[in-house]
Amino acid sequence: MSLERVIKMLESIGFSRLDSEVYLYLAKTGSKNEQDLVDALKISKRHLKPLLKSLENRGFIISASKRSMLFSAVDLEQLLAQYVAANIDQAQLISKNKSKFLSLWREMTNNNFG
């Protein structure tokens, strides 16, 4: 599978292009610090810092504090399992509340949004 196809797959589950590039770089090369990522991906630290924080908060990368902060990608299989689990939970919530949502919608549209 080409790199571009993997990036497109990650974008289809909510990654931005840059999220995908950072994640895949870490997955392919192993742990890196911020400067390694800046140099390899040609991105400014100003743009990289919030992106790393977002990926970490979503559980897609982990950071290890030693001499300098190192970032590592979680295993792709683990990432996909997290995505599936989150979406199953969301789908179950929607299914559970479907009739309530539809009832509210009908009430709202019958009242002309007012």
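The values are calculated or read from the model by the stated rules, or taken from the named source; none is laboratory data. Being a predicted model, the structure only gives us computed values, none of them experimental. Here the Cβ positions follow ideal geometry from the backbone for every residue, glycine too, while neighbour counts run over all protein chains shown.
Evaluate the stretch 24-35: report whether one residue or more is within 11 Å of the chain's Cα centre (by Cα) and under 17 Å from Q78 (Cα atoms).
no
Here is a list of conditions, (1) closer than 30 Å to S31 by Cβ; (2) more than 16 Å from the chain's Cα centre (by Cα), and L76 meets all of them except one; can you say which number that is?
L76 satisfies all of (1) closer than 30 Å to S31 by Cβ; (2) more than 16 Å from the chain's Cα centre (by Cα) except (2).
For the stretch 8-17, indicate whether the set of residues that are in contact with a Leu (Cβ under 7 Å, 6 or more places away or on another chain) and surrounded by 17 or more Cβ atoms within 10 Å (Cβ to Cβ) is non-empty.
Taking every residue of the stretch 8-17 in turn, none turns out to be in contact with a Leu (Cβ under 7 Å, 6 or more places away or on another chain) and surrounded by 17 or more Cβ atoms within 10 Å (Cβ to Cβ).
Going residue by residue through the stretch 44-66, is there one that turns out to be in contact with a Lys or Arg (Cβ under 6 Å, 6 or more places away or on another chain) and assigned by TED's automatic domain parsing to the domain that holds A27?
No.
Got a sec? Which of S95, S72 is polar (S, T, N, Q) and either assigned by TED's automatic domain parsing to the domain that holds E21 or touching a strand residue (DSSP E or B) at 6+ places or on another chain (Cβ under 7 Å) (or both)?
Only one candidate passes the filter, namely S72.
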